[in-house]
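Have a look at this one.
Please treat every number below as a calculation from the coordinates, not as lab data. Just so it is clear, the structure is predicted and the values come from calculations on it, not from any experiment. We place every Cβ from the backbone using ideal geometry, glycine too, and count neighbours over all the protein chains shown.
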Amino acid sequence: MPYSLFIADLHLDVRRPALIEAFEAFLRTEARGAEVLYILGDLFEVWIGDDNRAEGLHGALAALQALTQKGTPVRFLHGNRDFLVGSTFARRTGVELMPQRQVIDLYGTPTLVEHGDLLCTDDVAYQRYRRRIRHPLSLLALRILPRFIRERMARDLRELSAQEMAGKSTEIMDVNAETVRQVMREAEVRQLIHGHTHRPNVHRFELDGAPAVRVVLGDWYEQESWLVADSEGLHVVSQRT
Ligand code: MN
């Protein structure tokens, strides 16, 4: 039976080589049989631009390229860590870049896919920061900054975000239920798939009198986790590494 796969929040990082190997193995096995592999953001712990050193990641990039060359389409949308993934990366790996929010046809069910950070509207400070940093002018400025400056900024940001996270309540860092409803209504879908919050789950609820589902993809910090979708439905797979 034809199937599509969804992953997010792998946070690939040179400091975690076992994780990178697990991802490469996933690309060589499960992903090989998929009709489409969707990567819904934060594939990389940090990506300061397509000219980065991609230290420790060359094998993973080669495995992505091998997968697309063998005919499995891979579609990627940006997370908050890797929003500087650009057209050079796409060309090199054969991965297609998607808009930040998109309705796809998933075996007859219109399905909204996104990273998930846009749904966390209780975190007002983050949303303000996001609007600023993802503004086209900021992105342009970031792309022309010398690499050593971007490397330094990434280090500072990482420290800052660790400090900020420590001071934020868990509710603030989860999605806002009303935002979810509103976004699904606007997109005219009853199925939403996203990552970002690292709280893998399948939430079933009622939206304007009809059943709706929101799937939260798992991160790869302590397990491998992916979602299989086929004409019979959705199926979460999770295994310890
Ligand atoms: Mn994220």
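Scan the stretch 38-63 for residues that are outside any loop (DSSP other than H, G, I, E, B), touching an Asp or Glu at 6+ places or on another chain (Cβ under 9 Å) and closer than 16 Å to HIS11 by Cβ and jot them down.
At the first step, the residues of the stretch 38-63 found to be outside any loop (DSSP other than H, G, I, E, B) are 38-39, 44, 58-63.
Checking which are touching an Asp or Glu at 6+ places or on another chain (Cβ under 9 Å) leaves us with 44, 59-60, 62-63.
Result: PHE44, ALA60.
crowded, with 20+ Cβ neighbours inside 10 Å and within 16 Å of the ligand (Cβ to nearest atom), is that true of LEU77? Steps first, answer last, please.
Working: crowded, with 20+ Cβ neighbours inside 10 Å: yes; within 16 Å of the ligand (Cβ to nearest atom): yes.
Considered against the rule, which asks whether it is crowded, with 20+ Cβ neighbours inside 10 Å and within 16 Å of the ligand (Cβ to nearest atom), LEU77 comes out as yes.
If a residue has to be under 26 Å from PRO17 (Cβ atoms) and not in a strand (DSSP E or B) to count, how many in the stretch 224-241 make the cut?
Total satisfying the criteria: 1.
Being away from the ligand (no atom under 16 Å from the Cβ), outside any strand (DSSP E or B) and either touching a strand residue (DSSP E or B) at 6+ places or on another chain (Cβ under 9 Å) or hydroxyl-bearing (Ser, Thr, Tyr) (or both) is the filter here, so list the residues in the stretch 111-149 that pass it.
Listed by number, the list holds a single entry, SER138.
May I ask you to verify whether ASP50 is in contact with a Leu (Cβ under 7 Å, 6 or more places away or on another chain) and free of Cβ contacts under 8 Å to residues at least 60 places away in the same chain? Talk me through it step by step, then tell me what you get.
Values: in contact with a Leu (Cβ under 7 Å, 6 or more places away or on another chain): no; free of Cβ contacts under 8 Å to residues at least 60 places away in the same chain: yes.
The answer is no for ASP50.
If you don't mind, there's one more thing I want to ask. Of everything in the stretch 75-93, what is within 16 Å of LEU140 (Cβ to Cβ) and not small (Gly, Ala, Ser)? Give them in sequence order. Give the steps one after another, and end with the answer.
Residues of the stretch 75-93 that are within 16 Å of LEU140 (Cβ to Cβ), as a first pass: 78, 83-88.
Scanning the stretch 75-93 gives HIS78, PHE83, LEU84, VAL85, THR88.
Oh, and also: From the list GLU55, GLU45, pick out the single residue that is within 16 Å of the ligand (Cβ to nearest atom) and not small (Gly, Ala, Ser).
Numbers: GLU55 fails: within 16 Å of the ligand (Cβ to nearest atom).
When all the criteria are applied, what remains is GLU45.
Checking VAL46 against (1) surrounded by 15 or more Cβ atoms within 10 Å (Cβ to Cβ); (2) more than 13 Å from the chain's Cα centre (by Cα); (3) not small (Gly, Ala, Ser), which single condition isn't satisfied?
It is condition (2) that VAL46 fails.
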